[in-house]
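One structure is given below, encoded as structure tokens.
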Amino acid sequence: MNCRWTTPPRPAAEAGTTGDNATSPGVHLPPRGPSPPPPWLERMSSHPRRQASTARALAPAALAAALALALLPAPLAVAAPGAAPAIVPASPATEASDATDPARAVVPVINEVESNGDDTDWVELGNPGDAPLDASGLILTDAEPAKKDHAYTLPAGSVIPANGLLVVDGVQGDRPGFPFGLGGEDAVRLYAAGTDVKAADAAPLVEYAWTVHATVTYGRCPDLTGAFTTTTRSTKGAPNDCSSPLVINEVVSDGGDPDDWVELYNTGAGQADPNGLVLTDAEPDKAGHRYTLSGLEPIPAGGFLRLDTAQFGFGLGKADAVRLLGVDGTVVDEYAWQAHAATSYGRCPDGSGEFAETERVTPGAANACGEQGGGDGVSAAPWPGGDTVRALDAADETRGDWSGIDHEPGTGGTPGALWVVQNGDGELYRLDSTDAGASWQRTRGYELRYPDGSGTVDAEGVTVTSGGSAAGLFVSSERDNDVKGVSRPAVLRYELPAADTGSASLTAEAGTPVLKAAAEWNLAADFPGLGANAGLEGVTWIPDAWLTARSILDERTGAAYLPADYPGHGEGLFAVGVEGTGQVYLYALMDGGAFARIASIDSGFEVVADLQFDAERDALWVACDDACNGRIAVFSPREGAAASPAAVAGTTARVAPAAATQSFARTALYERPAQTQNFGNEGFAIADASQCVDGAVPTFYVDDNNTDGHSLRTGTLATSCPEPETPVDPETPVDPETPVDPVNPESPGTGVHGREDRAEDGREQGSTPDDATDGSQPEAGSAAGNDDAGAAQADGAASLAHTGAAAVPWLLAAGSLLAGGAGLLVLAMLRRRA
């Protein structure tokens with residue numbers, strides 16, 4: 001049985017509860033198509049339009065519906081003890097039914113919806129009647145009931161207690177449930193038994209629709225009758241938590257700067273108004289020990305508010321407490337201590353964790369949680385770049401579900417390419433820019449399939465390796481969207497066709513090329529019990545050269561990582577982020593689908609949305625989405641991690657928490673850009689240094705929720721731009737070295753004429769390797785010799801140039817010969833006279 005029922009106690013009025021549906025991004029829609037004779041005397045239609053609930057007049061049953069609503073009992077009353085009351089069948093009423101019969105007017109309502117897949121999607125149905133309501137046979141669908149497997153018939157025994165709740169789960173492994181997932185822009189519909197939900201005129205009994213995922217859940221406040229809003233906490237099968245999302249987050253009691261203070265934190269998905277709440281210490285009845293908050297601005301989602309002694313008017317003692325009361329006096333949150341903290345007491349993590357002594361005080365910022373608080377002492381800092389981002393896609397160009405992005409550097413300083421994956425339809429896109437990155441357009445698209453050509457890959461992340469897209473693209477996935485209830489956490493490699501025409505054997509509808517994966521690494525064996533929608537989100541590639549240079553610890557061997565231990569894994573490791581564990585894992589992916597986990601990194605996030613290896617900054621970036629208010633962390637190699645490691649037992653077992661951060665340490669944590677919304681950013685990438693302009697490189701974000709009609713945005717990250725290369729002036733021509741005179745003056749037979757003849761022979765034949773090894777100087781025919789010859793011939797001294805000898809020695813030699821000849825001539829003349 002996949003449906004669970006409960007009869008919760010009647011909830012008291014909660015602080016912050018409102019009937020204004022403007023607090024919810026959902027919209028109440030009217031029944032679709034023409035209205036046949038009403039199958040129910042009461043037809044509730046809760047269709048959302050973003051700002052407010054719109055009610056349409058219901059067809060001929062309007063009067064009956066109004067009477068039925070007037071007869072609805074109070075919500076969530078506790079069933080009276082004694083014999084079980086008769087079960088009212090949830091079957092259609094006929095036109096002849098007595099509209100005044102309250103038992104025939106009860107209709108189930110949708111009370112709470114979980115769509116963001118923290119565990120698995122689920123829907124909570126409520127019974128506003130005073131008798132148990134049999135919902136067996138009713139049909140539950142999402143916004144696309146005509147699609148295959150997008151309708152689920154509630155099984156026999158689906159009985160909702162009087163004024164109680166029934167949870168209908170999504171299918172999970174072998175557990176039955178509805179087989180479809182709930183998207184960021186989707187709806188839940190409930191149809192009468194036997195309805196053809198694929199018919200164009202099929203009208204649901206009740207429906208709730210939304211335009212973006214709730215950070216927590218969407219629920220009625222108050223239960224069963226109120227308008228939908230974002231709840232403060234998920235309350236599956238229990239009364240909705242409609243209390244204020246503000247909690248006490250950090251306390252300084254021993255004199256801060258300048259005195260004691262209390263910090264509040266907004267755990268909700270939207271702004272929270274603190275005005276009207278009351279702050280007290282452990283003695284609220286003492287005069288001056290109650291402070292009513294007023295005149296304050298709303299606190300944004302994930303935001304902080306610091307209240308000082310100067311505001312609330314009382315001090316905090318060594319053994320004391322802080323309480324936050326609602327406007328009705330109920331306790332919203334409280335914390336008590338027995339001794340002053342050396343620093344402060346703070347929740348770790350912010351907003352939801354237990355209180356612990358912090359590493360240091362962080363008023364108005366994320367708590368610095370030490371090891372005893374489950375943290376690493378790194379607190380969030382402002383984004384190190386521009387405060388804003390801008391949309392790169394045209395409004396309503398896409399419909400959302402963009403989940404991962406990677407930047408492939410170009411050549412010669414060109415912008416390169418952006419690769420994006422879309423999870424809903426399992427698609428891969430390439431985007432190019434023709435204006436130096438000012439705008440990007442989709443130039444190619446592919447339908448992704450598994451190696452056998454089947455399935456719809458729930459593509460969540462994408463990365464290229466050092467070989468670029470030509471060497472293949474790697475995609476991370478959570479599951480096959482055709483079998484949504486089964487976990488399939490996998491990395492797949494796709495080879496792009498040379499002509500970008502797709503596979504020759506498969507063609508997608510509308511001409512979109514289909515790509516079959518060339519290889520798959522299914523990591524399910526490493527993650528037993530992982531939720532179907534909680535698998536691999538982000539993926540990035542890290543080269544072996546970088547890892548080995550930093551002696552990254554191999555947690556399998558307890559020693560430094562050696563690539564040779566994993567033959568066939570390529571030239572690097574793949575880091576994957578797992579949504580269900582909030583951790584990052586490094587894997588060697590080997591031939592034939594084999595894999596080995598090398599390292600684990602505790603991200604500190606509830607959800608890992610994307611990863612980006614950054615060799616230029618020697619870092620691994622880990623991004624969270626709107627669940628963490630858009631924060632991004634930086635991890636760096638831990639020095640000496642492999643010097644004295646503790647061996648980790650098991651090769652496929654989960655790594656022990658104590659070893660989770662041996663190889664990497666979180667060195668920075670950044671808030672999202674200050675002036676941007678809390679988008680559902682599931683993809684993050686950084687451009688390479690060649691795109692640096694004015695001290696910043698572009699960053700890219702993909703928004704799974706398509707907020708305001710946009711899925712692709714760009715911002716900046718501050719950095720040092722590389723200095724432009726200074727053109728090198730051509731070298732000043734250098735006079736050739738004066739070669740050594742090859743002629744031995746003491747050797748006979750080396751007259752000028754003989755040398756000229758030898759040079760001419762060399763010029764005709766050219767130098768040979770043998771010539772170069774005979775110990776002689778270069779002869780004519782060498783490049784240098786020819787250049788010298790041309791210059792010398794211009795001066796009328798070809799014979800001297802061909803030998804490579806300088807003019808001065810030859811002039812001296814010639815002068816000596818002339819002087820010698822003259823001397824001989826004088827001696828001869830003297831002999832004749834004698």
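Considering (1) in contact with a strand residue (DSSP E or B) (Cβ under 6 Å, 6 or more places away or on another chain); (2) closer than 25 Å to Ala674 by Cα, the lone condition that Phe355 does not fulfil carries the number (2). For Asp201, state whether it is over 21 Å from Asn705 (Cβ atoms) and of a type in the set (Asp, Glu). Criteria met by Asp201.
Residue-by-condition table, conditions (1) part of a strand (DSSP E or B); (2) closer than 29 Å to Gly424 by Cα:
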{"residue": "Thr225", "(1), (2)": "no, no"}
{"residue": "Thr235", "(1), (2)": "no, yes"}
{"residue": "Val251", "(1), (2)": "yes, no"}
{"residue": "Gly255", "(1), (2)": "no, no"}
{"residue": "Glu263", "(1), (2)": "yes, no"}
{"residue": "Gly270", "(1), (2)": "no, yes"}
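Taking region 524-555 as the range and being open to solvent by 10 Å² or more (accessible area, probe 1.4 Å) and farther than 23 Å from Glu460 by Cβ as the test, the residues that pass are Asp544, Ala545, Trp546, Thr548, Ala549, Arg550, Ser551. Residues considered: Thr463, Thr512, Thr443. Of these, the only one that is within 22 Å of Glu408 (Cβ to Cβ) and at pLDDT 95 or above is Thr463.
Regarding Asp350, is this residue surrounded by 20 or more Cβ atoms within 10 Å (Cβ to Cβ), touching a His at 6+ places or on another chain (Cβ under 9 Å) and touching a residue at least 12 places away in the same chain (Cβ under 8 Å)? No, not satisfied.
Residues in region 318-342 that are touching a Gly at 6+ places or on another chain (Cβ under 9 Å) and either in a loop (DSSP other than H, G, I, E, B) or free of Cβ contacts under 8 Å to residues at least 12 places away in the same chain (or both): 3 in all.
When region 557-570 is filtered for residues that are closer than 27 Å to Leu473 by Cα, part of a loop (DSSP other than H, G, I, E, B) and either open to solvent by less than 80 Å² (accessible area, probe 1.4 Å) or touching a Leu at 6+ places or on another chain (Cβ under 8 Å) (or both), the ones remaining, listed by number, are Tyr561, Tyr566, Gly568, His569, Gly570.
Scanning region 695-716 for residues that are in contact with a His (Cβ under 7 Å, 6 or more places away or on another chain) and farther than 16 Å from Ala459 by Cα returns a single hit, Phe700.
Considering Leu296, Leu305, the condition of being open to solvent by 20 Å² or more (accessible area, probe 1.4 Å) and part of a strand (DSSP E or B) is satisfied by Leu305 alone.
Is it the case, given these coordinates, that Gly276 is farther than 17 Å from Gly351 by Cα, outside any strand (DSSP E or B) and open to solvent by 10 Å² or more (accessible area, probe 1.4 Å)? Yes. For region 448-491, filtering for residues that are out of contact with any strand residue (DSSP E or B) (no Cβ under 9 Å at 6 or more places or on another chain) and assigned to a strand (DSSP E or B) leaves 0. Just so you know, in region 358-390 the residues that are modelled with pLDDT of 90 or more and of a type in the set (A, V, I, L, M) include one that is most open to solvent (accessible area, probe 1.4 Å), and it is Val361. Considering only residues that are open to solvent by less than 10 Å² (accessible area, probe 1.4 Å) and over 14 Å from the mean Cα position of the chain (by Cα), look in region 598-613 and name the one that is farthest from Leu717 (Cα to Cα). It comes out as Ile598. From the list Ala627, Ala660, Ala623, the one residue that fits, being under 19 Å from the mean Cα position of the chain (by Cα) and modelled with pLDDT under 85, is Ala627. Exactly one residue out of Gly404, Gly467 is over 16 Å from the mean Cα position of the chain (by Cα) and either within 30 Å of Trp210 (Cα to Cα) or not β-branched (Val, Ile, Thr) (or both), and it is Gly467. Highlighted here are the strands (runs of 3 or more DSSP E) found entirely within region 137-213 that include at least 1 residues which are at pLDDT below 95 and among the charged types (D, E, K, R): 165-169, 186-191. The residues of region 426-447 that are part of a loop (DSSP other than H, G, I, E, B), touching a residue at least 40 places away in the same chain (Cβ under 8 Å) and surrounded by fewer than 18 Cβ atoms within 10 Å (Cβ to Cβ) amount to a single one, Ser439.
Checking each residue in region 517-543 for being part of a strand (DSSP E or B) and more than 20 Å from Val607 (Cβ to Cβ) picks out Ala519, Glu520, Trp521, Asn522, Trp541, Ile542, Pro543.
Among the numbered conditions (1) closer than 23 Å to Glu185 by Cα; (2) touching a residue at least 40 places away in the same chain (Cβ under 8 Å), the only one that Thr456 does not meet is (2).
Of the residues making up region 185-193, one or more are without any contact (Cβ under 8 Å) to a residue 60 or more places away in the chain and touching a Pro at 6+ places or on another chain (Cβ under 8 Å). Annotation note: of Asp149, Asp169, Asp130, the sole residue that is acidic (Asp, Glu) and open to solvent by less than 10 Å² (accessible area, probe 1.4 Å) is Asp169. Among the residues making up region 242-256, those that are open to solvent by 20 Å² or more (accessible area, probe 1.4 Å), under 23 Å from Asp320 (Cα atoms) and touching a residue at least 24 places away in the same chain (Cβ under 8 Å) are Asp254, Gly256.
The values are calculated or read from the model by the stated rules, or taken from the named source; none is laboratory data. Everything numeric here is computed off the predicted structure, so don't read it as measured data. All Cβ positions, even for glycine, are placed from backbone atoms using ideal geometry, and neighbour counts span all protein chains on display. For accessibility, only protein heavy atoms count, side chains too; no ligands or nucleic acids. Shrake-Rupley method; radii C 1.70, N 1.55, O 1.52, S 1.80 Å.
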